[in-house]
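**Q** Below is a structure I'd like to ask you about.
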Amino acid sequence: CPTPASLRPLNGTRICAELFADNSPYYDQCCAGDVLVVEPSSDVPYMPRGWSGRASSLVVGTKCELVVWSRKGKKGNTRKFSA
């Protein structure tokens, strides 16, 4: 998996989190497959099409916090992730 400090694309802008579609019990095979990029100050009440229930691993960048809800539309229980 990428390190939290390395979440920057080639143009150098900041990324707050990356969610990955594939996971594995073996660490060197985690963070694979399709990637959903979360930009700073994103406010997304619904997962993008095709991502609901699909993210299996994630990395949150330094100085960022990712808040997720158990139900659509920012309802249900929350969980916070940070670097």
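**Q** Between beta-carbons, use under 15 Å as the cut-off and find the net charge around ARG14, counting Lys and Arg +1, Asp and Glu -1.
**A** Numbers: positive: ARG8, LYS63; negative: GLU18, GLU39, GLU65.
Residues near ARG14 contribute -1 overall.
**Q** Also, quick follow-up: For the chain, would you read off the P(r) tail past 22 Å as a percentage of all alpha carbon pairs? Each step should come with its number before you reach the end.
**A** Working: 778 of 3403 pairs.
Of the Cα pairs, 23 percent sit more than 22 Å apart.
**Q** Using a 1.4 angstrom probe on heavy atoms only, work out the carbon and sulfur share of the accessible area of region 17-82 in %.
**A** Solvent-exposed carbon and sulfur of region 17-82 make up 46 percent of the total.
**Q** Please return the longest stretch of the chain lacking exposed loop sites, where chymotrypsin sites (Phe, Trp or Tyr not before Pro) count only if DSSP places them in a loop and at most 15 other Cβ atoms lie within 10 Å.
**A** Details: sites that count: TYR26, TYR46, TRP51.
Formally, the longest exposed-site-free interval is 52-83.
**Q** Per 0.36 nm of contour for each residue apart, how much would the distance between VAL35 and SER6 grow if the chain were fully extended, relative to their Cα-Cα spacing? Provide the component values of the computation, followed by the final result.
**A** Values: separation 29, 0.36 × 29 = 10.44 nm, distance 1.49 nm.
The span from VAL35 to SER6 would gain 8.9 nm if fully extended.
**Q** Also, I was wondering about something else. Below 13 angstrom from the Cβ of CYS64, what's the summed charge of the other residues (Lys, Arg +1; Asp, Glu -1)? Write out the running numbers ahead of the final one.
**A** Numbers: positive: ARG8, ARG14, LYS63, LYS80; negative: GLU18, GLU39, GLU65.
Computed value for this residue: +1.
**Q** Follow-up. Taking the solvent-accessible surface of protein heavy atoms with a 1.4 Å probe, what is the per residue accessible area of the chain in Å²?
**A** 73 Å²
**Q** Please list, in chain and number order, the residues 5+ apart from ALA83 or on another chain whose amide H is under 5 Å from its amide H, with Hs placed from the backbone.
**A** LYS63, CYS64
The values are calculated or read from the model by the stated rules, or taken from the named source; none is laboratory data. The structure displayed is predicted, hence computed values, not measured ones. Note that each Cβ is placed from the backbone with ideal geometry, even for glycine, and that neighbours are counted across all protein chains shown. Only protein heavy atoms, including side chains, enter the accessible area calculation; ligands, DNA and RNA are left aside. Shrake-Rupley method; radii C 1.70, N 1.55, O 1.52, S 1.80 Å.
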